[in-house]
1. Given a Förster distance of 41 Å, report the FRET efficiency between Thr127 and Asn62 from their Cβ-Cβ distance, rounded to the nearest 0.05.
2. Counting only heavy atoms of the protein chains, get the accessible area per residue of segment 45-95 (1.4 Å probe) and round it to a whole Å² value.
3. Which FRET efficiency value, to the nearest 0.05, is calculated for Ile106 and Phe138 with the Förster distance at 35 angstrom and r the Cβ-Cβ distance?
4. If you average the alpha carbon positions of segment 78-133 and of segment 36-72, how far apart do those two centres end up, in angstrom?
5. Each residue of segment 89-97 in turn: what ³J(HN,Hα) in whole Hz from Karplus with 6.51, -1.76, 1.60 and θ = phi - 60°, glycine and Pro shown as x?
Amino acid sequence: IAPATTVTGPDAPGDPTAVGTSLLYAREDHDHGGPDDTGWVNMTLTSPWTVSTNMQYRKIGNCVYLRGSAAGTSGATGDVLTTLPTGFCPTEDQIFASGSEASGGIPVVSTLEISSVGLCIPRFGDTLNTFNVDGIIFLTD
């Protein structure tokens, strides 16, 4: 579950009839279908990466969600995984922790750097079997 929007008002929080200060949540796997929801869009991966499970991104308002995993048997740390389109990039370069799987099925912690121009660059210390982006969420502005 990820924050979707904040509603503010003069009434006390918790009053179901009031517009109090509260945090609304949107499930990243739920199809909102609103005008500010792009729905899930398939990522185009760059060589040597290949899709392992649906590599997708989605934008609801100014919040971008990533999901899926990529096979990187011949991928090396620092190889661009994909490039997000204009409007789906953070305003500053950001780094996110990611759970991935090394050769032999060994779980490893890796990172994903997402640049302000949309480059998504995995960083890891071992040859990867899969690189996950599940649960990576960031704001575009």
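1. Values: r = 36 Å, r/R0 = 0.88.
In this case the efficiency is close to 0.70.
2. Each residue of segment 45-95 exposes 44 Å² on average to a 1.4 Å probe.
3. On the way: r = 28 Å, r/R0 = 0.79.
After rounding to 0.05, the efficiency reads 0.80.
4. Distance between centres, Cα-based: 12 Å.
5. With coefficients 6.51, -1.76 and 1.60, one gets 10, x, 6, 10, 4, 9, 10, 10, 6 Hz.
The values are calculated or read from the model by the stated rules, or taken from the named source; none is laboratory data. Treat the numbers as computed from the prediction; the structure is a model and nothing was measured. Please note: Cβ atoms are built from the backbone with ideal geometry, for glycine as well, and neighbour counts cover all protein chains shown. We work out accessible area using only protein heavy atoms, side chains counted, and drop any ligands, DNA or RNA first. Shrake-Rupley method; radii C 1.70, N 1.55, O 1.52, S 1.80 Å.
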